[in-house]
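What follows is a set of notes on a single structure, which appears directly below.
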Amino acid sequence: MSAPADERSSPFSATERSRVRRKAERGAYDRDIVYAILDEALFCHVGFVVSGQPFVIPTIHARVVDDLLLHGAAANHMLKSLAARIDACVTVTILDGLVMARSWFHHSMNYRSVVLFGRAARVGDEAEKRAGLEAVVEHVARGRAADSRPPTPTELRSTLLLRMPIVEASAKVRAGGPIDDDEDMGTHHWAGVVPLTLTAGPPAPDAMLSAAAIAPDYVAHWSRPSR
Ligand SMILES: Cc1cc2nc3c(=O)[nH]c(=O)nc-3n(C[C@H](O)[C@H](O)[C@H](O)COP(=O)(O)OP(=O)(O)OC[C@H]3O[C@@H](n4cnc5c(N)ncnc54)[C@H](O)[C@@H]3O)c2cc1C
């Protein structure tokens, strides 16, 4: 389910629960900002409550237009619970740096994060399910879907795919150096930022792979964002 075309470029409306209050100036509701963070983050954390018990489960996601897709085994507790249309809160975080301040108090991290609220629904239509699973594979490495085998009917049946419309979303972004107190500026403590990025190591070919097989470009030079 996608938002009407004229709504797709509009920012999300901040709601009572999605409005960033603490350090509100770091909050953003622009679709482009939220979607760029969702697309760059490799995985998300899904929060939900079953019988009063909160769960927060890490899992792969993919965004297709205005929907967030989640997939897994048909027996997956999180997915089966969400398929019953319960409230969910999904977060993603990209860590950009460690902020070392002169005082313990002002240490921080540079990040880009997103919080989504919503309800997911099972994708039943077979063609839609295949397209959704392709999007999940492509989310991890663009170009990979065409370079690997699509699911058999049995594999498709044993996989649950959920679609959560992205309707209530906020981003929060911290960038820059430490924000120290004036009275600490003269101290000798080192202060600044340790930048962090996700980088891939050299590809490790599977032991059964033919020696002639060459790693495709998206493997040899894997990086985020993938799109
Ligand atoms: C890597 C990382 C480390 C952090 N470390 C700390 C820490 O140690 N201590 C600390 O106090 N805070 C930390 N934060 C910030 C934290 O995520 C919260 O924004 C902050 O704690 C304020 O929480 P709150 O419940 O008072 O937010 P409020 O402003 O009351 O939250 C209201 C609504 O704003 C939205 N929102 C809040 N935080 C975020 C977010 N990060 N991204 C997107 N939307 C958001 C949600 O929809 C939320 O329901 C960290 C964030 C990241 C990404």
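Each value in this text was obtained by applying a stated rule to the coordinates, not by laboratory testing. These figures come from a predicted structure and were not determined experimentally. Cβ sites come from the backbone with ideal geometry, for glycine too, and all protein chains shown count toward neighbours.
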Quick one: net charge of THR59's neighbours, Cβ under 15 Å, K/R +1, D/E -1?
+3
Gain in span if fully extended, THR199 to THR154, counting 0.36 nm per residue against the direct Cα distance:
12.7 nm
Highest to lowest packing among 71-80, 10-19, scored as the average C-beta count within 10 Å:
71-80, 10-19
For the chain, what class follows from the C-alpha gyration tensor (a ≥ b ≥ c being the square roots of its eigenvalues): rounded when a/c is under 1.5, otherwise prolate if a/b is larger than b/c, else oblate?
oblate
Let me have the 222 nm mean residue ellipticity of the chain computed from DSSP H runs of 4+ only, each contributing -39500 (n - 2.57), with the sum over all residues rounded to the nearest 500.
-5000 deg cm²/dmol
Pull up the cross-link candidates among the lysines for LYS129, meaning alpha carbon to alpha carbon under 21 Å and not fewer than 8 places away within one chain.
LYS80
Report the residues of the stretch 86-118 in range of a label on HIS189: point 7 Å along Cα→C-beta, backbone N strictly under 13 Å from it.
99-108
The helix 126-140 Cα axis meets the longest alpha-carbon principal axis of the chain at an angle in degrees, between 0 and 90 and rounded to 10, of 40 degrees
Relative to the longest principal Cα axis of the chain, at what angle does helix 31-40 sit, 0 to 90 degrees, rounded to 10?
70 degrees
Along the Cα-to-Cβ line of VAL49, 7 Å from the Cα, sits a label point; which residues in the stretch 83-107 have backbone N less than 16 Å from it?
85-90
Just to confirm the filter: which chymotrypsin sites (Phe, Trp or Tyr not before Pro) across the stretch 165-227 are DSSP coil and have at most 12 other Cβ within 10 angstrom of their Cβ?
TRP190
Please work out the FRET efficiency for the pair GLU128 and ARG17, using the Cβ-Cβ distance as r and a Förster radius of 25 Å; give the result to the nearest 0.05.
0.30
